[in-house]
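Let me begin by presenting the structure, written as structure tokens, before commenting on it.
The values are calculated or read from the model by the stated rules, or taken from the named source; none is laboratory data. This structure is a prediction, so every number in the text was calculated from the model and none was measured. Cβ placement follows ideal geometry from the backbone for every residue including glycine, while neighbour counts extend to all protein chains displayed. Please note that ligands, DNA and RNA were not included when accessible areas were found on the heavy atoms of the full protein model with its side chains. Shrake-Rupley method; radii C 1.70, N 1.55, O 1.52, S 1.80 Å.
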Amino acid sequence: MNRSIFLLLVTSMLVALSSCQTAKKKEQSRPNILYIMSDDHGYQAISAYDKRYINTPNIDRIANEGIIFTNSFVSNSICGPSRAVLLTGKHSNMNGYKVNSGAFDGSQQTFPKLLQKAGYQTAMIGKWHLKSDPTGFDYWNILPGQGAYYNPDFIEMGKKTRHEGYAPFVTTYIALDWLENKRDKSKPFCMLLHHKAVHRTWEPDTSTFAEFTGKQFPVPDNYFDDYATREAAAAQKMSIRKPDMDIAYDLKMEYDGTKSRFKWFRTHTGRMNAEQKARWDAHYKQVQKEFMEKGLKGKEYELWKYQRYMQDYLACVRSLDESIGEVLDYLDKHGLADNTIVIYTSDQGFYMGEHGWFDKRFMYEQSMRTPLVMRYPGHIKPGSRCNKLVQNIDYAPTFLDLAGVKIPDDIQGISLTPLWEEKDPKWRDALYYHYYEFPNEHMVKRHYGIRTKRYKLIHFYYDIDEWEFFDLEKDPEEMVNEYDDPAYADVVKDLKERLEKLQVQYQDTDRSTY
Ligand code: CA
């Protein structure tokens, strides 16, 4: 062999070796994705967003060590449809899951399937709520339907098992067990950890009673909203003040430990073990005794209901936040924190008494907004804040982008990565929203609309034809519908045109299916 051929061979061997090492390094550096999503957790009940009600040190830790999105929204504020949007990166009209009934078509393209194809280990743990079995996951262990707070059943790849304990901690235990014992550790993972908490009927862990019993919270200024100028808002059935929030079903009164007006409630307290039940009964019997002694009427009674609701809701948030702390500790202890992207969000926002309400559905601020915080050490600078308009259609493309997987053209969201990688990225200036579930529970009328940084235009339709317009700078609580104010005529006209463009862009123009 002459010298030049020898050198050529050595060089090509070195190049091959080097590219092999690069491939190996690339595999090791592909980030894990840990997506934690709760149910009905309003941003008002996270101290990184709002310090009035509760301190949530663990969720705040994700925000402090990463980025907080202060203008994060959903496209259809209801449980199942929001989950379908997450999986597909598409609005409800495109993924086919518009309302909480029927079953999600699991044969369609989802981001876990694409990650799985790209070599990720994928897992889905906790609340699924899409009726059809999960697809695109190497491992799944889900709550049936809404699931139970106490000693919940889980379905592990088709096999049902009862787990002793409180739902957020049981769900976390199952997730950590998969990370520790069940996954293929040679591959990066993507895990969806979906909590049942803090969904109605807000059944707190008995360990939280001491902190929240009798605690009083600031009442929103518009708790006694009269809904003047807003016809659809007046027609809803989701008022804390009215029997929509039930004294027994929601607030656990009229309950003597064995009887309740609600079979559902009996079923749930019936799941408790003797110790849980004894603590539960002791607590609620005392709360009920004090309530009966007060004999409240009128506004006093309506304000008592607000406090009773908040005490149980926030107690559930307490356990949820603690369970997230357990996950963060696990990542730290097992050397996974640096290469794992952690996301925390909720399937939508929730009312904490604003407009007198609980629940969600409306395009108004508290339910269209959803919390979103992310941590990615070495990539997202700690303490980052982003006020750009982001939406849950963006999650799927973001995760694909972070994993180095091509984002399919039919995905409607946009990867969020430029928001921390670039100084001032070009970004969307409006969001589209569409809610379909009427007539149904809480009677929130069908509506669609557009939200920009400053304005919101909503069209309620089906059994009503009402437009609402709000200048959020002037009226952040959305109390006065100024659709007919001539001073805003040009703004409204412009928003209508932009709304129509968004409907074309998102292919949501077929009114016959409404
Ligand atoms: Ca929900």
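Quick notes on this one:
- From phi via Karplus (6.51, -1.76, 1.60), per-residue ³J(HN,Hα) for the range 106-120 in Hz, x at Gly/Pro: x, 7, 7, 5, 9, 5, x, 4, 5, 5, 4, 4, 8, x, 7
- Subtracting the Cα-Cα distance of Thr70 and Lys277 from their residue separation scaled by 0.36 nm leaves 70.5 nm.
- Dipole magnitude of the chain, debye to nearest 20 (Cβ charges: Lys/Arg +1, Asp/Glu -1, about Cα centre): 1540
- Simple label model, 7 Å out from Cα along Cβ direction - Glu293 to Asp332, nm: 4.3
- The accessible area of Phe350, taken with all protein chains in place and a 1.4 Å probe, comes to roughly 0 Å².
- Computed E for Ala234/Lys182 - FRET, C-beta separation, R0 45 angstrom, nearest 0.05: 0.30
- Net charge in the neighbourhood of Gln121 (other residues with Cβ under 10 Å of its Cβ; Lys, Arg +1, Asp, Glu -1) is +2.
- Cross-linked pairs Lys445/Lys496; Lys113/Lys187; Lys159/Lys187; Lys131/Lys305; Lys90/Lys113; Lys360/Lys445: Cα-Cα separations exceed 22 Å for Lys159/Lys187; Lys131/Lys305.
- Label positions at Ser101 and Ala210, each projected 7 Å from the Cα along the C-beta direction, are separated by 4.6 nm.
- Pairs of Cα atoms nearer than 8 Å and 6+ residues apart set the relative contact order; for the range 435-513 it is 18 percent.
- Residue-by-residue Karplus 3J(HN,Hα) for the range 166-171, coefficients 6.51, -1.76, 1.60, Hz, glycine and proline x: 9, 3, x, 6, 5, 4
- Cross-link reach list, aspartates and glutamates versus Lys117, counting only Cα pairs under 15 Å and skipping chain neighbours closer than eight places: Glu27, Asp138, Asp184, Asp401
- Taking the Cα centre of the range 435-513 as origin and assigning +1 to Lys and Arg Cβ atoms and -1 to Asp and Glu Cβ atoms, the resulting dipole is close to 380 debye.
- Remark: the Tyr301-Asp50 segment gains 87.7 nm on full extension, using 0.36 nm per residue and subtracting the alpha carbon distance.
- Using heavy atoms of the protein chains and a probe of 1.4 Å, the accessible area assigned to Cys316 is about 0 Å².
- Ranking Tyr120, His434, Ser47 by Cα position along the charge dipole of the chain, where only Lys, Arg, Asp and Glu carry charges on their C-beta atoms, puts Tyr120 farthest toward the positive end.
- Between Gln146 and Lys381, the simple label model (points 7 Å from Cα in the Cβ direction) yields a spacing of 4.5 nm.
- Charge dipole magnitude, Cβ of K and R +1, D and E -1 - the range 212-309, Cα centre, debye nearest 20: 440
- Accessible surface ranking for Asp250, Asp50, 1.4 angstrom probe, highest first: Asp50, Asp250.
- For a straight C-alpha distance cut-off of 15 angstrom, the aspartates and glutamates reachable from Lys51 (same-chain residues fewer than eight places away being disregarded) are Asp60, Asp321.
- Computed with a 1.4 Å probe over protein heavy atoms only, the accessible area of Arg318 comes to about 30 Å².
- Here the Karplus curve 6.51 cos²θ - 1.76 cosθ + 1.60, taken at θ = phi - 60°, turns the phi angles of the range 235-240 into couplings of 8, 5, 10, 9, 8, 5 Hz, with x standing for Gly and Pro.
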